[in-house]
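The values are calculated or read from the model by the stated rules, or taken from the named source; none is laboratory data. Note that the coordinates shown come from a computational prediction; the quantities given were computed from them, not determined experimentally. Note that each Cβ is placed from the backbone with ideal geometry, even for glycine, and that neighbours are counted across all protein chains shown. Quick note on the areas: whole protein, heavy atoms, side chains included, nothing else; ligands and nucleic acids left out. Shrake-Rupley method; radii C 1.70, N 1.55, O 1.52, S 1.80 Å.
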Amino acid sequence: MGGSKAPKPDKNIGRAAMKSAELGEEVFAWMKDQAEVTNQWAAEDRDRWTNTFIPLQDAYIEEAQNWDSQERKDTVAGQAIADTRLQANIADGTRLRQAMAQGVNPNSGRFQSASAKGATDTALAAAGAGNLARRQVEAEAEGKMANAINLGSGLGVNPATSMSLSNSAYTGGGSAAMSGYGQQGSLLNQQFQNQMASYNASQSAMGSMFGAIGSVAGLVSSKEAKTDKKKVRDGVSLGAVRELPIESWKYKPGIADGGDQTHIGTYAEDFTKATGQGDGKTIDISSAIGITMGAIKDLDAKVSKLEQRAA
């Protein structure tokens, strides 16, 4: 039962655990508020995309899909051909006026040959202008389709970003709270383990003591285990008890419980002097119990005599 006392857990462990949990809750509450803000952003962005931009995109996409229709290509080609012929007619009129101003006969073979060549060039130019106009319409349609595809690929980017911020905020807050509670649990478990270690040390010491007492008592409790039996004279036990000083006291540091508790009892030296039992340093538990029982028996005999006299 001797030795140093079991260590006691530091009171600040519980305080640190509570502070850790409180901080986790504060961070979680703050991040939850942040998540509500970003969720509102996401809702507003989504509403704007749905009610404003998506209808515009749908209209643009439909226009892009129908932009290079045959009707549009024929119309634009016809306009290009007409413009080309108009320019050719203007050029023919200019040449005619120039030829007449120079005294060239418009009906001459030379002038008619030049006019025929000009007509051929005009026809070729008109055909080329028509084809170019059609290809231009097709190129415009391809450009519009590309724009429509790009619009679709960017649809909902802002709401998704806001939702990501919201989820990150909520997850971060939750992680902080769980970390706080986890640290609290770890600290409190450490405190509990320290308390259990102290308790187990105390129980081990007490168990050793009572085990020793039980072993001694168990060994001497049976008649079969005893010899050299002699009757103790009446009154001896009560007289021995009467001489024993009974005081309250504590063990010195490093002995038994180290002074943690106050005990009541006698001393080994006085017990040996009064009873003749023991070595003067320890008290024989079996003898102590026997002396006590003998004293009770002697006292009972005296009380019985007094009752008989009184009767």
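Put Phe53, Phe271 in order of accessible area, largest first, 1.4 Å probe: what do you get? It would help to have the intermediate numbers written out before the result.
Numbers: Phe53 75, Phe271 5 Å².
These residues rank, largest area first, as Phe53, Phe271.
Against the empirical curve 2.2 N^0.38 Å, the C-alpha radius of gyration of region 36-85 lands at a ratio of 2.09.
Is there a quick way to get the dipole size of region 45-90? I mean about its Cα centre, with the Cβ of Lys and Arg at +1 and of Asp and Glu at -1; what is the value in debye to the nearest 20?
Numbers: 5 positive and 9 negative charges, 37 e Å.
It works out to roughly 180 debye.
Taking a probe of 1.4 Å, how large is the accessible area per residue of region 22-79, in Å²? For region 22-79, the per-residue accessible area is 71 Å².
For the cross-link pairs Lys250/Lys297; Lys223/Lys297; Lys230/Lys273; Lys226/Lys252; Lys223/Lys250, which exceed 26 Å when the distance is taken from alpha carbon to alpha carbon? Please report the intermediate quantities before stating the final value.
Numbers: Lys250/Lys297 31 Å; Lys223/Lys297 20 Å; Lys230/Lys273 20 Å; Lys226/Lys252 36 Å; Lys223/Lys250 36 Å.
Cα-Cα > 26 Å for Lys250/Lys297; Lys226/Lys252; Lys223/Lys250; rest within.
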